[in-house]
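Just so you know, all these numbers are worked out from the coordinates, no wet-lab data involved. Worth saying up front: this structure is predicted, and the values here are computed from it rather than measured. Methodologically, a virtual Cβ is constructed for each residue, glycine included, from the backbone with ideal geometry; neighbour enumeration extends over all protein chains shown.
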Amino acid sequence: MLLFIENLHIHFSTFEGTAKVLNGVSLSIRDGERVGLVGETGCGKSITLKALLRILPTPPGRIVQGRILFKERDLLQMSYRELHAVRGCDIALVPQEPVGSLNPVFTIEEQMVDLILWQGRVNVNWGTYVATPLMGRAGRKVARAKALDHLVKVNIPDPERVLRSYPVELSGGMCQRVLIAMALASHPSLLIADEPGTALDVTTQAQILRLLKERVREEGLAILYVTHNLGVAREMSERIYVMYAGEIAETAPTNQLFSSPKHPYTQGLIASIPKLTGSELEGIPGRIPDYVSPPQGCRFQPRCEWAVPACATVQPRLRPVAAGHEVACHLHDPAFFQG
């Protein structure tokens, strides 16, 4: 198993009280597997990623329980030096804000070359920066050639011009391609894509998704694709986790999830997808619960038309309903309907 997140609980201290944002999240990714993490805005997807990358702001956030194993090593127990050798090298991130994620005062060449030269090194001060042999003309020339090659691989036209450009001189789609090239520069084992098409127009988004899919397949990488768009998750993933209010509601192979969704929340999400027939959309009534005082049992229970008495008091756990298909719902637990 490449990545295994087990029973992750994350709380935040707020003026209103303790917000229990993640409530026992578990997910796994195998080598070379394409996995989607979907859910509406505010359900805890980005918090899960920040915990995985160890960039969760603490305080106010704190991990109160759980493990995050990457290649059988617990990321939460690693020292800063050990983590730095993994983060950005073996695990890479493609963020969702392409223009804002690049430094506006440096050219693309400066940023990519420094990334290639210094990736994985810790506590690099100015003295080290100017004294190391890597900073010589020959070292930077080799790094520049690698940067140019990575830009070519992400189908950037006129890569020489892009290298000389500042981020503000490039379009959002071009900046996103640069970020994908930078993420792949270290040849990671796991690529995390945090809604990379959200800030782009529909046509550019489709191009970026197609590019990501091609590069992941050619590089043989595992990818965790985070999105609120089920259509995008269906295109990008072979297996999907559905998250609701800080919990995993359902997980299944992509085709099986869409053909036979089991959790009422998953069914509602799929019913909310716009259709070419022009039929009226079926939204999910209500909203995500307050994390400071969430429901005692199932967090989806206040919005669920199929709720049974147990839903109000007992938190459902993921249980298998088919091969590779698990759902956290009392409706699929025979024990609640016996006698």
Which residues qualify? For Met243, with a placed amide H closer than 5 Å and at least 5 residues away or on another chain, they are Val38, Gly39, Ala249
In degrees from 0 to 90, rounded to the nearest 10, what is the angle of the helix 172-184 Cα long axis to the longest principal axis of the chain? 80 degrees
Just want the ordering: His330, His228, His263, His187, from fewest to most Cβ atoms lying within 10 Å of their own Cβ. His187, His228, His330, His263
Cross-link partners among lysines for Lys153, C-alpha distance below 21 Å, same-chain residues fewer than 8 apart left out? Lys141, Lys213
How large is ³J(HN,Hα), in whole Hz, for each residue of region 300-310 in order, when computed from phi with the Karplus curve 6.51 cos²θ - 1.76 cosθ + 1.60 and θ = phi - 60°, using x for Gly and Pro? 8, 3, x, 10, 9, 7, 9, 4, 10, x, 4
To one decimal place, what orientation-averaged projected area in nm² is obtained for the convex hull of the Cα set of the chain? 19.9 nm²
Under the Karplus relation 6.51 cos²θ - 1.76 cosθ + 1.60, θ = phi - 60°, what is the ordered set of whole-Hz ³J(HN,Hα) values for region 228-243, x standing for Gly and Pro? 9, 9, 5, x, 5, 4, 5, 6, 9, 10, 9, 8, 10, 9, 9, 10
Taking neighbour counts of Cβ atoms within 10 Å as a proxy for exposure, in what order, fewest first, do Tyr80, Tyr244 appear? Tyr80, Tyr244
Here the gain from full extension of Ala323 to Gln296, 0.36 nm per residue of separation minus their alpha-carbon distance, amounts to 6.8 nm
To the nearest 500 deg cm²/dmol, what mean residue ellipticity at 222 nm is calculated for the chain from DSSP H runs of n ≥ 4 alone, each contributing -39,500 (n - 2.57), summed and divided by the residues? -9500 deg cm²/dmol
The chain: angle of helix 108-118 to the longest principal axis, Cα-based, in degrees nearest 10: 80 degrees
How are the C-alpha pair distances of region 1-92 spread across 5 Å bins, as whole percents from the shortest bin up? 3, 12, 24, 26, 20, 10, 4, 1, 0
Take the alpha carbon atoms of region 228-267, find their center, do the same for region 50-89, and report the distance between the two centers in whole angstrom. 26 Å
